[in-house]
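Note sheet for the following structure.
The values are calculated or read from the model by the stated rules, or taken from the named source; none is laboratory data. What you see is a predicted model, and the numbers here were worked out from it, not measured in a lab. All Cβ positions, even for glycine, are placed from backbone atoms using ideal geometry, and neighbour counts span all protein chains on display. SASA here: full protein model, heavy atoms, side chains in, ligands and nucleic acids out. Shrake-Rupley method; radii C 1.70, N 1.55, O 1.52, S 1.80 Å.
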Amino acid sequence: TLKKIDLENESKDELYEMATTFNNMSDLLKETMDKKQQFVSDASHELKTPLTVIESNANMLKRWGSKDPKVLEESIDAILSESKRMREMTGQMLALAQDHTALTTNYCKIDLASMCEEVCLTMGKTYNRKINVTIKNPNTFIIGEEKKLEQVLRILIDNAIKYSSSEIFVIVGTKINKAYVSVEDQGIGIPKDKLDKVFDRFYRVDSVRSRETGGTGLGLAIADTIVKSHSGTMEVQSEVGMGTVFTVSLPYIKDD
Ligand code: ADP
């Protein structure tokens, strides 16, 4: 445990200043350690569920697998789908852990409009969904890590695909000194009191429904971490039964 320096006999000398700095550092360190601990405990908890399903199905297979073809088929399917889920989750956890120590060596100038058009085209084709892209300002340049920002966009579009069934609208533009991308769907929406929780790790508004759609509750946490590491912000507006808009804002550089 970290011990604080006693500041009862405050004096305005150098030692006092050093002590204050040290105390601030120890608070920060404790906060970081608490967050890490919380993440490890949340992660273990989340991994337990698929592991339990795998274990119980393996036991079923051991007992009945050779006698009952239905058990054989169902148990193997359950094991395969839960393993897939675990693989996805561990991959995402790794992505989150890496973002804590993000290196900024891969930063470059990015044409946000072209990047969005490309990602939307690929995802629209892959998932056979109509994604309507509007470019309000074709000169939307930002500085950042391209792969990471593509990932943010893919997470938002992936959610729009999962939680809606009609057309998706992506808008790219600039506002004062910010570049923005908004991803809008006309899907199930998010209740007002849950809006600020959706960026929390492992949070799912409706865990049963999210499980069916293969959600892990990590996507938006990853997106938020990446956006913050680019000095950007993420906003969400939603109406239950009407749809949701996620807007990412990033510092914008004027093209020269
Ligand atoms: P998940 O893997 O569960 O989609 P996310 O972190 O990406 O995890 O999202 C967290 C939760 O926020 C989701 O489980 C879902 O309940 C809600 N959510 C995210 N995007 C949308 C959306 N476009 N429409 C409705 N709900 C959404």
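For region 70-187, with every protein chain kept in place, what is the accessible area per residue (1.4 Å probe, Å²)?
Values: 6530 Å² over 118 residues.
Dividing the accessible area of region 70-187 by its residue count gives 55 Å².
Within 10 Å, Cβ to Cβ, of Ile157, how many net charges do the neighbouring residues add up to if Lys/Arg are +1 and Asp/Glu are -1?
+1
For region 137-256, list log₁₀ I(q)/I(0) at each q in 0.11, 0.18, 0.19 Å⁻¹, using the Debye formula over Cα point scatterers of equal strength and ignoring solvent, two decimals each.
-0.36, -0.93, -1.02
Starting from the residue with the highest accessible area, list Ser231, Ser44 in decreasing order, probe 1.4 Å.
Ser231, Ser44
What are the DSSP H helices in the chain that stretch 18 Å or more along their long axis, judged by alpha-carbon atoms, and whose average Kyte-Doolittle hydropathy comes to at least -0.5?
Answer set is 69-100, 112-127, 146-162.
How much of the accessible area of the chain, in percent, comes from carbon and sulfur atoms when a 1.4 Å probe is used?
Working: 8820 of 16120 Å².
Percent of accessible area from carbon and sulfur atoms in the chain: 55.
Please state the shape class of region 10-147: rounded when a/c is under 1.5, otherwise prolate if a/b exceeds b/c and oblate if not, all from the C-alpha gyration tensor.
Oblate shape, in that a/c is at least 1.5 and b/c is the bigger or equal ratio.
Distance check, please: which entries in Lys175/Lys254; Lys130/Lys162; Lys130/Lys228 exceed 21 angstrom between their Cα atoms?
Violating the 21 Å Cα-Cα cut-off are Lys130/Lys228.
Using the structure shown, list the pairs from Lys148/Lys178; Lys36/Lys109; Lys48/Lys70; Lys125/Lys147; Lys48/Lys194 with a Cα-Cα distance above 30 Å, or answer none.
Those over the limit are Lys36/Lys109.
Can you check what the net charge comes to around Gly124, using other residues whose Cβ is under 14 Å from the Cβ of Gly124 (Lys, Arg +1; Asp, Glu -1)? Present the calculation step by step, with values, prior to reporting the outcome.
Details: positive: Lys125, Arg129, Lys130, Arg154; negative: Glu117, Glu118, Asp158, Glu167, Asp185.
With Lys, Arg at +1 and Asp, Glu at -1, the net is -1.
For the pair Leu29 and Tyr127, what calculated FRET efficiency results from E = 1/(1 + (r/R0)^6), where r is the Cβ-Cβ distance and R0 = 35 Å, to the nearest 0.05?
My answer for the efficiency is 0.20.
Per 5 Å bin, what percent of the C-alpha pairs of region 41-87 does each bin hold, from zero upward?
5, 25, 27, 19, 13, 7, 4, 1
GNM on the chain, C-alpha springs below 10 Å: top fluctuator among Tyr180, Tyr16, Tyr163?
Its mean-square fluctuation being the largest, the pick is Tyr16.
What Kirkwood hydrodynamic radius do you get for the chain when you take the inverse of the mean 1/r over all pairs of distinct Cα atoms, in Å?
Result for the chain stands at 21.2 Å.
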